[in-house]
Amino acid sequence: MSQKYEKLKTLLKELFQLDQPDLDFGLYRIMHAKSAEITQFLDEDLLPQVKDALAHYKTADKAEIEKELAKVVAGIEAAGMDPEQSPKVVELRARLANEAVDIGALESEVYDHLFGFFRRYYSEGDFLSKRVYKPGVYAIPYEGEEVKLHWANADQYYIKTSEYLRDYAFRLQPDDEKNPMRVHFRLVDATEGEHGNVKAAQGKDRRFRLAEVEPMTLEDGELVVRFTYQPDAAKQKDLNTAAEAALMEVTDPALAQWLRKLGNKHRRADGTESENTRLRVHLDRYTARNTFDYFIHKDLGGFLRRELDFYIKNEVMHLDDVENESIPRVEQYLSKIKIIRRIAGKIIDFLAQLEDFQKKLWLKKKFVTETSWCIRVGCIPDEFYAEIAVNEAQREEWVRLCAIDEIEGDLVTPGYSKKLKPEFLKGHPTLVVDTRHFDAAFTARLLETMGDVDEQTDGVLLHSENFQALVLMQNRYREQVKCIYIDPPYNTGDDDFPYKDSYQHSSWTSMMLDRAELAKQILTENGLYTVQIGDEESAHLRIVFDGLFAERKNSAVVRRGVKNVQAQFMDIDRLSLGHDVVHAYVKRRGVRLSHLRHRLSDEQPGKWDTFWRGTDRPTMRYALFGSKPDSGQWRWEEGRTKRAVGNYDTFLGEQSQSKSLDEWYAENLQAGVDLDFVRLNDDGVVQYYVPPQNYRLVSDNWLDIPAAGTVTDFPHEKSLSLLQRVISWSTNPGDYVMDYFGGSGSTGHAALSMPVASGGARKFILVEMGDYFDTVLLPRLKKVTFSPEWKDGKPKRLATPEEAERSPRIMKVVRLESYEDALNNLEPRRTETQQQLLLAPEAQGPDGLKEQYILRYLLDIETRGSQSLLNVQAFADPTAYTLKVKRPGSDESREVNVDLLETFNWLIGLTVRHLAAPQTFSAASERDQEGRLRLKGRLKQDPAGPFWFRTVTGNTPDGRRTLVIWRKLTGNPEEDNLVLDEWFTKQGYSSKDSEFDLIYVNGGNNLENLKTPDDLWKVRLIEEDFHRLMFDTEGV
């Protein structure tokens, strides 16, 4: 094969993710399972179509015609004749001039164009959407806007998460399924920062360094190599060299075979040998975190097809070649274009399949892998106190967080003892019970007694990548959040925000826009969306958000901290700014916000100010004190002004001898009457009265409050003063506040500790994916619930009864499946029937069933039924649906039971009113004379019974009263449904009455069904709506 063919094939293997067959994680693992089949398709089916398409030109092959011509000429010359006079020679020369095709050159040209087209858009693991106009010049989509902001990744999802650093595995023997010799790079003791906002140690970027303790061990037949990821002044390349040397010097006999294979030279996908060892190649891949997949294209197929047409018109099709050539030459020319377009189109189909499959995993609503509840002791019924008091894990957490071991008793309340007493709990109602320390049965019984669960839930904390959380929130919280406050990564270049080399600002902009579009849908029509940002990205953010919130926007300046001005002016980069900017947005015109006020240290007395204004409104010019202005206007309309003049006359006539105007104004104000006053002063100037003030209105200069807080040791913690100012500006008690860059939990802290003067606490929703969710954010909220004042990590005092009553009642903690979890739970399967269809003779050949299947459907069809893509068969036991999920803060994956109930509540947007504890029953059955199954006796409540039921009641977003029935199926549908019917009746339910508008049940059933007024069935299968809603991408 030609060199250009081999070059194209190598590129296609890279595009199809077949170039690293030893990698064993994520999508690489799936492609490895299919690599032999896809490679065979490339070698034997797809690329040979180029040669086959050119085969009909064989009779016009230039080499064959030249060979025939030479033979004819030699024969004529041997006969002593002039070959130029021979008609055959003339004919052959004419064919060479007008028809001959250099098939080899044409074939190479096709391969070269295919390589050139795909190479220009693919770079280090991603397709970049740069529309090439000509070399070095790009076109952007412009639709006549006055100002257009465009960036390299504008039509891609930013998917990079810290979890990507944690999962890297490869096989030393990739083709040996029994002994693949799997090597796993594991991250330990990773130093985290607040959602990318925090700078690394001064002058140090974070680097991967081989762990000092147990850098390499064998675990369960795998070789585990451990790394730390911390600030380090050394270059990553040097650290990799040191790591390689240290590992190869290990003398443990148990590792000898592993090290020998790791020390072999790496063999590339094209068969050539690298100069580096296999260990060094994988070290470089693992540590090059800025060169891996960061994006998923929103429509890769559409983009590449449009670009292919553009490429052909500009790089392949030249009008001069058509205008001046013979008809056969033009036919050959057009054939070349058809071949390029057809083969490229098929490659695009496969690439689009890969990208769309990843997009499907990215956009799908993620499973809730765990739900726990943090409930204030004062809200828990007394009958649970004895069980809580003997829970050691809960007691130890209270000692660690709240220092309860230092609480001494008095005559009324018992002090701390290692064996807690229920009376101690009753005396400290702001302690927070975390159901993570209790079993599922206790939690279910407790929640059943809580009544209206969602109404009492004052905080929702989601441990998740924020895009995934915002997607899942859409149905439940659409247009319900009154205030959004975020403090996103500042993208300073030395923070933790990961970006692809040369695409720092582009990556950040894509990340911000996708999440802002989702968050906007959660904001109420009169809500406020605020973003605190540094100078590095303020301009980009303003343009992006101005386009998203086209109607109203504004900005304020807030003090970041005290700057060392002596460090400035050495060069322009050192001219550092001492402030952040808070950009504020609303969704529509006409939204009114309360005045922002700053309290003054001393009350300012009332004063008089001029009643005339320079703005010119003729309707506001009227006679007052015997004169009427020719221009401008009076401040108030005529009726209000006349009342104000009368009020002042009353004061002069009845009150001025005994009290000041300020005093009389205050008396009336306390009585609920806010009086106006207007007078004509001694100089003939009309004035109005400005009442006494203990505050002044705040401008857009917020330098009176800091941008950063000091409650925790968390870097770049948000300021409570700043947060409370924004929250009070736009919300009332009970409104929702959301922060989807939750960080250390400052926004939740501010929401639950709002001053009494502003009405008290607001409800809050926080999203954070970092390990510090469990180490900083959640402990902080538990602590401030327990006590409002802390010093040196300990409470200064206990909450007063009034403070206890205002503290959060319930905080719900929700943990979601990650994108990486979704990838790692894929299990491709091909049935025997599918295999036989693909092997059938009629399925072979170009555009046949096998080709179409591989190019377009392979991944989607063969991963159906994987746990992360919804295995509805597993709904037979709602308590046993499992996923392999990585534990927070580690690389360890463990199998967990997914919370299907909570996941479904989120999918249908259910506001939960009651969450019942499970009920279990036993029952006997028999057949009547007509052979129909019936119960033998009654249903018996039985803790060990096989028939399990649990119900959830609530309201959907459109107000429908909803009953959700979960049950365990025994495998006998007839008996399952007989018991369901009996249980349903026993509970007093009926699908005919109006108690519920919708009834959901898992598993096929015989419940009588009715059509609702809007033509929907009242009784619905959970599995059907679960699948529909999980993969519904409308509005995403």
*Under 7 Å by Cβ, and 6 or more places apart or on different chains, what pairs join a residue from segment 258-283 that is under 22 Å from Gln17 (Cα atoms) with one that is part of a helix (DSSP H, G or I) and β-branched (Val, Ile, Thr)?*
His266/Val281; Ala269/Thr10; Asp270/Thr10; Ser274/Val281
*Return yes or no: is Asn955 touching a strand residue (DSSP E or B) at 6+ places or on another chain (Cβ under 8 Å), surrounded by 13 or more Cβ atoms within 10 Å (Cβ to Cβ) and either of a type in the set (Phe, Trp, Tyr) or within 30 Å of Leu361 (Cβ to Cβ) (or both)?*
no
*For segment 939-1036, which fully contained strands (runs of 3 or more DSSP E) count at least 2 residues that are in contact with a His (Cβ under 9 Å, 6 or more places away or on another chain)?*
947-955
*Please state which one of Leu247, Leu304, Leu262, Leu308 is part of a helix (DSSP H, G or I), in contact with a Gly (Cβ under 8 Å, 6 or more places away or on another chain) and of a type outside the set (Phe, Trp, Tyr).*
Leu308
*Does Lys628 qualify as being more than 30 Å from Arg542 (Cβ to Cβ), modelled with pLDDT of 90 or more and of a type in the set (Lys, Arg)?*
no
*Exactly one of (1) under 14 Å from Val726 (Cα atoms); (2) modelled with pLDDT of 95 or more is unmet by Val784. Its number?*
(1)
*Only residues in segment 230-246 that are free of Cβ contacts under 8 Å to residues at least 40 places away in the same chain count as the first member; pair them with residues that are surrounded by fewer than 16 Cβ atoms within 10 Å (Cβ to Cβ) and outside any helix (DSSP H, G or I), Cβ under 8 angstrom, at least 6 apart or cross-chain, and list the lot.*
Asp232/Lys204; Ala233/Gly203; Ala233/Lys204
*All but one of (1) over 30 Å from Ile375 (Cβ atoms); (2) in contact with a Phe, Trp or Tyr (Cβ under 9 Å, 6 or more places away or on another chain) hold for Gly845, so report the exception by its number.*
(2)
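Across segment 630-665, which residue is surrounded by the fewest Cβ atoms within 10 Å (Cβ to Cβ) among those that are touching a residue at least 12 places away in the same chain (Cβ under 8 Å) and small (Gly, Ala, Ser)?
Within segment 630-665, the subset touching a residue at least 12 places away in the same chain (Cβ under 8 Å) is 631-638, 640-641, 643-645, 647-648, 651, 661-662, 664-665.
Add one more test, that the residue is small (Gly, Ala, Ser), and what stays is 631-632, 644.
Numbers: Ser631: 10, Gly632: 13, Ala644: 20.
Per the stated criteria, the residue is Ser631.
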*Which of the following residues is aliphatic (A, V, I, L, M) and at pLDDT below 95: Leu935, Leu900?*
Leu935
*Check Leu781, Leu752, Leu777, Leu766 and return the single one that is farther than 30 Å from Gly415 by Cα, in contact with a Leu (Cβ under 9 Å, 6 or more places away or on another chain) and aliphatic (A, V, I, L, M).*
Leu766
_Residues that are of a type in the set (Lys, Arg) and at pLDDT below 90, drawn from segment 973-998_ = Lys992
*asked:* For a quick check of your reading of the model, give me the residue pairs whose first member lies in segment 887-901 and is at positive phi, whose second is modelled with pLDDT of 85 or more and not aromatic (Phe, Trp, Tyr), with beta-carbon atoms closer than 9 Å and at least 6 apart or on different chains.
replied: Gly889/Asp774; Gly889/Thr775
*If we keep just the residues of segment 411-430 that are among the aliphatic types (A, V, I, L, M) and free of Cβ contacts under 8 Å to residues at least 40 places away in the same chain, which is farthest from Thr800 (Cα to Cα)?*
Leu420
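Please state which one of Ala139, Ala152 is touching a residue at least 12 places away in the same chain (Cβ under 8 Å) and small (Gly, Ala, Ser).
The unique qualifying residue is Ala152.
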_Qualifying position, being at pLDDT below 90 and surrounded by fewer than 14 Cβ atoms within 10 Å (Cβ to Cβ), among Arg829, Arg887_ = Arg887
*Go through Tyr158, Tyr168 for me and flag whichever is aromatic (Phe, Trp, Tyr) and either closer than 22 Å to Arg280 by Cα or modelled with pLDDT under 80 (or both).*
Tyr168
*Could you tell me whether Ser922 is of a type outside the set (D, E, K, R), in contact with a helix residue (DSSP H, G or I) (Cβ under 9 Å, 6 or more places away or on another chain) and outside the structural domain of Phe185 (by TED's automatic domain parsing)?*
no
*Mind counting the residues in segment 648-675 that are charged (D, E, K, R), in a loop (DSSP other than H, G, I, E, B) and over 53 Å from the mean Cα position of the chain (by Cα)?*
1
*Options Val586, Val562, Val582, Val557; residue that is within 30 Å of Tyr485 (Cα to Cα) and modelled with pLDDT of 85 or more*: Val586
*When segment 619-636 is examined, which residues are found to be of a type in the set (Ser, Thr, Tyr) and in contact with a Phe, Trp or Tyr (Cβ under 9 Å, 6 or more places away or on another chain)?*
Tyr622
*Restricted to segment 731-764, and to residues that are small (Gly, Ala, Ser) and over 26 Å from the mean Cα position of the chain (by Cα), which residue is surrounded by the fewest Cβ atoms within 10 Å (Cβ to Cβ)?*
Ala757
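Just to check your reading of the model, which residue among Asp189, Asp205 is surrounded by 14 or more Cβ atoms within 10 Å (Cβ to Cβ), closer than 30 Å to Tyr740 by Cβ and modelled with pLDDT of 55 or more? First the steps, then the outcome.
Values: Asp189 fails: surrounded by 14 or more Cβ atoms within 10 Å (Cβ to Cβ).
It is Asp205.
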*If you scan segment 233-244, which residues turn out to be buried (at least 18 other Cβ atoms within 10 Å of the Cβ) and either among the acidic types (Asp, Glu) or in a strand (DSSP E or B) (or both)?*
Glu244
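The values are calculated or read from the model by the stated rules, or taken from the named source; none is laboratory data. These numbers come from a predicted model, not from an experiment. Methodologically, a virtual Cβ is constructed for each residue, glycine included, from the backbone with ideal geometry; neighbour enumeration extends over all protein chains shown.
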